[in-house]
1. Give me the pairs: first residue in segment 268-285 and farther than 13 Å from ARG205 by Cα, second residue in a loop (DSSP other than H, G, I, E, B) and at pLDDT below 95, beta-carbon distance under 7 Å, and six or more apart or on different chains, which are they?
2. Would you point out the residue of segment 15-46, among those that are in a helix (DSSP H, G or I) and without any contact (Cβ under 8 Å) to a residue 40 or more places away in the chain, that is nearest to PRO74 (Cα to Cα)?
3. Does ALA165 satisfy the condition of being open to solvent by less than 50 Å² (accessible area, probe 1.4 Å), modelled with pLDDT under 90 and not in a loop (DSSP other than H, G, I, E, B)?
4. Residue check: is ARG7 open to solvent by 70 Å² or more (accessible area, probe 1.4 Å) and either among the basic types (Lys, Arg) or touching a Phe, Trp or Tyr at 6+ places or on another chain (Cβ under 7 Å) (or both)?
5. Go through segment 199-242 and report how many residues are surrounded by fewer than 16 Cβ atoms within 10 Å (Cβ to Cβ) and assigned to a helix (DSSP H, G or I).
6. Among the numbered criteria (1) in contact (Cβ under 8 Å) with a residue 40 or more places away in the chain; (2) open to solvent by 80 Å² or more (accessible area, probe 1.4 Å); (3) over 25 Å from the mean Cα position of the chain (by Cα), which one does ARG95 miss?
7. Between a first residue in segment 70-91 that is on the phi > 0 side of the Ramachandran plot and a second residue that is of a type in the set (Val, Ile, Thr) and part of a helix (DSSP H, G or I), which pairs have beta carbons less than 8 Å apart while being 6 or more apart in sequence or on different chains?
8. Quick check on my filter: what residues within segment 177-231 are at positive phi and within 29 Å of the chain's Cα centre (by Cα)?
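The values are calculated or read from the model by the stated rules, or taken from the named source; none is laboratory data. Owing to the predicted nature of the structure, the values given are computational and were not obtained by experimental measurement. We place every Cβ from the backbone using ideal geometry, glycine too, and count neighbours over all the protein chains shown. The accessibility values were calculated without ligands, DNA or RNA, using every heavy atom of the protein model including side chains. Shrake-Rupley method; radii C 1.70, N 1.55, O 1.52, S 1.80 Å.
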Amino acid sequence: MGFLRIRTTVDERPGRLASLAAALADRGGNILGLSVQSDADGTVDEFVADIPAHPETVREALEAAGGRRVQVVPATAHELTDEPTRALLLASRLRSMPWRLPELLAELLRADDARWIYGEAVSDLPDPTQLVVPVAPRRAVRLRRAELPFTLTEAARAASFARLAQPPAEQGAGNRSVKLADGAEVVIRPLTSIYREAVRDLHDRCSPEARRFRYFTSMPALPTRMFDKLCDRARGHSLVAGHDGQVVAMANLMFTSDPGAAEMAFLVEDRWQGRGLGSALARALIRAARDLGYAEVRATMLSDNVRMRRLMLSLGASITYTEDPGVLESRLPVGAMVSS
């Protein structure tokens, strides 16, 4: 049949990708391109393959190999270009012609249609063949693609791409002063090694329950090795909140083996809980995840951590039980939280 673009949702299990590749090989397929994307209910594997089999035969083979919602559509040789190179070339064009954002977004995501929308809500739409990319509070780009639904990873790519058309961020944005609901002010800064002693003191002041909610054990002190890991920008993005010379909270966004997802966690001093500080830190981490190109932020919490559960729900996350009945997992698409 020629070139095909094949997309399937899979469970995150070792060996699943190998099973799909073997199924394509059994049908005479030669895989020419592969991408792995996050979506709401699993990982999406997308192949571009030169395969002689009929699309329906390919779909049945991948379903038998463990694929779900398998979609097979025709592709062209043009789609075999290196994806990072293609995205960089489009980004270069956008920087010189930002007014062409809808057109270039459509090219980036191979959408059928893209146009500006004004004054409409920019939250997620129920139709997976449509994607709304916020650009300003009352301005967005709406994309349509009939054959393949948009994934969370594609939504994150589109949001990052759109930011290239916006004015550069103000210098010094790494430090932010935040006024909480009760009038108290804290300064949020990136975590670096200079806060080693301040974070140690934070742990000393936190109750065993607060530490248990963060680490799943009442860890009396943060080991040096773990602190160094939290400071490592190659492994994640961490923040501290300071007030009156003390660190009163720490928030961590850690990269995972899933290329589209990062995991966040918080430690807030007891007397600062319930004052909106956790929410401010969560929003800062989600903005960082969006800027880093992540599609989803996850958080694992103990089932009796009521504050964390309420926080994630307020941000728009979904929460499910894990195999451990005492542990919950929340999943939040970064596009679900667009306000500052």
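1. ARG275/LEU180; ARG275/ALA181; ARG275/ASP182; ARG275/ALA184; GLY276/LEU180; GLY276/ALA181; LEU277/LEU180; ARG283/MET337
2. Initial filter on segment 15-46 (in a helix (DSSP H, G or I)): 16-26.
Going one step further and asking which of them are without any contact (Cβ under 8 Å) to a residue 40 or more places away in the chain, we end up with 17-18, 21, 24-26.
Details: LEU17: 21, ALA18: 23, ALA21: 18, LEU24: 15, ALA25: 18, ASP26: 19 Å.
Ranking the candidates gives LEU24 first.
3. Working: open to solvent by less than 50 Å² (accessible area, probe 1.4 Å): yes; modelled with pLDDT under 90: yes; not in a loop (DSSP other than H, G, I, E, B): no.
Answer is no for this residue.
4. Details: open to solvent by 70 Å² or more (accessible area, probe 1.4 Å): no; either among the basic types (Lys, Arg) or touching a Phe, Trp or Tyr at 6+ places or on another chain (Cβ under 7 Å) (or both): yes.
When the stated conditions are applied, ARG7 does not pass them.
5. 12
6. Condition not satisfied by ARG95: (3).
7. Within 8 Å, no pair qualifies.
8. First, the residues of segment 177-231 that are at positive phi: 183, 216.
If the condition is that a residue be at positive phi and within 29 Å of the chain's Cα centre (by Cα), then PHE216 is the only one that fits.
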